[in-house]
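The values are calculated or read from the model by the stated rules, or taken from the named source; none is laboratory data. On a predicted model such as this, the values are computed, not experimentally measured, just so you know. For neighbour counting, all protein chains shown are included, and Cβ atoms are generated from backbone atoms with ideal geometry for every residue, glycine included.
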Amino acid sequence: MRRLRSLGVWIVIVLATIFFGLPAVFIALVPPRGRWLYHWSRWWGRILLLAAGARVKVLHAERLDRSRAFVVAPNHESFFDIPVLFSAMPRAIAFLAKRNLFKLPFMGWSMAAAGFVPVDRGKKGRTLATIDTALKRLEGGRWLVVFPEETRTRTGDLLPFKAGAALIAVRSGRPILPVGIAGTFRIQQRGGFTISPSRVAVSVGEPIDVSGKTAADRAEITARLRETVSALRDEAREAVAYNFGPEDR
């Protein structure tokens, strides 16, 4: 029964991605550029969450200051982190994403239209080009989402953080907004087919100011970021456990 339900959810995901992905290429051009696409992307995310049976709660939403530009740095538990962030963030956002995803029909087209930044893992020669593109997204008024782990966890444990978020923040002068996500690992795990309903909590931390910092400080910033995200994730997990009740802890 669970596999049959999961199949139905995956069908909804594919159809929603096609339905929203193709028009996104043209909606991205409608002035004011980016605003309509932001709302379009949020609807895509909400439909996926509704189909999966996910209910999202944002903790410390007052820290989501729409008047500021941030480098958003969340942990990465599942594919469903992306629709959760589209749903939770109050400003247009763009993600750093693997370059090969841009080759996928519909999804890749919509990612390009949404201003996602392609990343080539392990190719240091393209790192500066990636950072330059990311800076342009920030200058355009979008919040940039960078998963410091660079990949989804397979175990639910927090992975080591890379320095990309710190470097982009230092280069742009924008603060880092640490975010802890819990509950999406329950919905769908990396490489897994089964999709299960779950409550999801998004815990927003205090911005990390990088004023006066340089690239030489990236290790220090990254260590502080990981410690903060870990604590926020623990807080989000407690919120999920409390909402589910003792039997699900």
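Just so you know, in the stretch 207-218 the residues that are among the aliphatic types (A, V, I, L, M) and either modelled with pLDDT of 95 or more or in a strand (DSSP E or B) (or both) include one that is nearest to residue 61 (Cα to Cα), and it is 208.
Being of a type in the set (A, V, I, L, M, F, W, C), under 24 Å from residue 115 (Cα atoms), touching a residue at least 40 places away in the same chain (Cβ under 8 Å) and touching an Asp or Glu at 6+ places or on another chain (Cβ under 9 Å) is a description that does not apply to residue 24. Mind checking whether some residue in the stretch 229-247 is without any contact (Cβ under 8 Å) to a residue 40 or more places away in the chain, surrounded by fewer than 18 Cβ atoms within 10 Å (Cβ to Cβ) and polar (S, T, N, Q)? No, the stretch 229-247 has no match at all.
Could you tell me which residue of the stretch 137-154 is nearest to residue 78 (Cα to Cα), considering only residues that are of a type in the set (Lys, Arg) and out of contact with any His (no Cβ under 7 Å at 6 or more places or on another chain)? So, considering only residues that are of a type in the set (Lys, Arg) and out of contact with any His (no Cβ under 7 Å at 6 or more places or on another chain), the one nearest to residue 78 (Cα to Cα) is 154.
Each residue in the stretch 153-190 was checked for being in a loop (DSSP other than H, G, I, E, B), of a type in the set (A, V, I, L, M, F, W, C) and closer than 21 Å to residue 69 by Cα, and 1 of them qualify. The set of residues from the stretch 23-51 being at pLDDT below 80 and among the charged types (D, E, K, R) comprises 33, 35.
Residues checked against (1) modelled with pLDDT of 95 or more; (2) within 16 Å of the chain's Cα centre (by Cα):
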position	(1), (2)
167	no, no
172	no, no
205	yes, yes
220	yes, no
226	yes, yes
235	yes, no
244	no, no
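Take the stretch 104-114 and flag every residue that is crowded, with 17+ Cβ neighbours inside 10 Å, at pLDDT 75 or above and not hydrophobic (A, V, I, L, M, F, W, C). Hit for the stretch 104-114 is 108, nothing else. Looking across 114, 97, one residue alone is touching a residue at least 40 places away in the same chain (Cβ under 8 Å) and not polar (S, T, N, Q). It is 114. Residue 193 - would you say it is of a type in the set (Phe, Trp, Tyr) and assigned to a loop (DSSP other than H, G, I, E, B)? So residue 193 fits the description; yes. Checking 56, 14 one by one, the residue that is in contact (Cβ under 8 Å) with a residue 40 or more places away in the chain and out of contact with any Phe, Trp or Tyr (no Cβ under 6 Å at 6 or more places or on another chain) is 56 and no other. So residue 224 clears everything in (1) within 22 Å of residue 64 (Cα to Cα); (2) in contact (Cβ under 8 Å) with a residue 40 or more places away in the chain except one condition, right? Which one? For residue 224, the exception is condition (2).
Here residue 70 does not qualify as in contact with a strand residue (DSSP E or B) (Cβ under 9 Å, 6 or more places away or on another chain), over 23 Å from residue 208 (Cα atoms) and crowded, with 20+ Cβ neighbours inside 10 Å.
Cβ separations smaller than 6 Å between residues 6+ apart or across chains give the following pairs from the stretch 149-160 residues that are closer than 15 Å to residue 231 by Cα to residues that are surrounded by 12 or more Cβ atoms within 10 Å (Cβ to Cβ) and of a type in the set (Gly, Ala, Ser): 158/230.
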